[in-house]
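What follows is a single structure, written as structure tokens, with notes after it.
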Amino acid sequence: MSEQNCIFCKIVRGELPSNKVYEDGDVMAFHDIRPLAPVHLLVIPKLHVASLAECTDEHQTVLGKIMVLVPKLAKEHGLNDGFRTIINTGRVGGQEVYHLHVHILGGPSALGPMLRRD
Ligand code: AMP
Ligand code: ZN
């Protein structure tokens with residue numbers, strides 16, 4: 001997926017709409033279009049990085065910015081009793097959009113187990 005066709009790059013460029021909750025020079029956050037919890041946000045680097053598997057030392061700063069932003073956004077959205085962060089990576093991780101993103105999920109009730117135990 002090139003930056004040209006990437007849906008999250010299109011959101012960054014303003015070519016696709018988003019329900020934005022945060023933006024600075026390096027990072028953007030917006031509501032997931034198909035929420036899986038009462039609060040479901042996505043936090044992305046503006047720079048196109050396909051997944052966590054592609055991250056290298058040059059991404060340390062933006063990854064740090066994202067991780068520090070996550071609890072601030074969680075608090076702003078009322079997630080005072082906790083929340084879940086998910087980064088799906090690659091085929092095995094079930095990644096659908098190949099532009100690195102951190103999911104923030106939460107709401108009034110517990111989210112249940114991280115994965116089903118069979
Ligand atoms: P993942 O499986 O981790 O790649 O998750 C991709 C997420 O992006 C899914 O939860 C989708 O609902 C979400 N998504 C896809 N397109 C959009 C969009 N245009 N705006 C907001 N969220 C989106
Ligand atoms: Zn992208």
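The values are calculated or read from the model by the stated rules, or taken from the named source; none is laboratory data. Here the structure is a predicted model, which means the values were calculated and not measured. Using ideal geometry, Cβ is built from the backbone for each residue, glycine included, and neighbour counts are taken over all protein chains shown. Just so you know, the surface numbers come from the protein's heavy atoms only, side chains and all, with ligands and any DNA or RNA stripped out. Shrake-Rupley method; radii C 1.70, N 1.55, O 1.52, S 1.80 Å.
Residues in region 1-31 that are at pLDDT 95 or above and part of a loop (DSSP other than H, G, I, E, B): 11 in all.
Residues in region 69-85 that are assigned to a helix (DSSP H, G or I) and open to solvent by less than 40 Å² (accessible area, probe 1.4 Å) were compared, and the one that is farthest from Ile44 (Cα to Cα) is Ala74. Within region 86-118, the residues that satisfy the criterion of being in contact with a strand residue (DSSP E or B) (Cβ under 8 Å, 6 or more places away or on another chain), closer than 24 Å to Asn19 by Cα and not in a strand (DSSP E or B) are Ile87, Asn88, His99, Leu100, His101, Gly107, Leu111.
The conditions of being near ligand 1 (Cβ under 9 Å from one of its atoms) and on the phi < 0 side of the Ramachandran plot are met by Leu16. Among residues of region 8-34 that are away from ligand 2 (no atom under 14 Å from the Cβ) and of a type outside the set (Val, Ile, Thr), those with a beta-carbon under 8 Å from a residue that is open to solvent by 60 Å² or more (accessible area, probe 1.4 Å) and assigned to a loop (DSSP other than H, G, I, E, B) at least six positions away or on a different chain give the pairs His31/Asn19.
In region 65-79, the residues that are touching a residue at least 12 places away in the same chain (Cβ under 8 Å) reach residues that are hydroxyl-bearing (Ser, Thr, Tyr) with C-beta atoms within less than 8 angstrom, at least six apart or across chains, in these pairs: Leu69/Tyr22; Val70/Thr85; Leu73/Tyr22.
What tally of residues in region 32-68 results from selecting those that are of a type in the set (Gly, Ala, Ser) and outside any loop (DSSP other than H, G, I, E, B)?
As a first pass, look at region 32-68 and keep what is of a type in the set (Gly, Ala, Ser): 37, 50-51, 53, 64.
Checking the rest, the ones that are also outside any loop (DSSP other than H, G, I, E, B) come to 53, 64.
Counting residues in region 32-68 that are of a type in the set (Gly, Ala, Ser) and outside any loop (DSSP other than H, G, I, E, B) gives 2.
Just to check your reading of the model, which residue among His48, His101 is within 13 Å of ligand 1 (Cβ to nearest atom) and in contact with a helix residue (DSSP H, G or I) (Cβ under 8 Å, 6 or more places away or on another chain)? Just a single option satisfies the conditions, and that option is His101.
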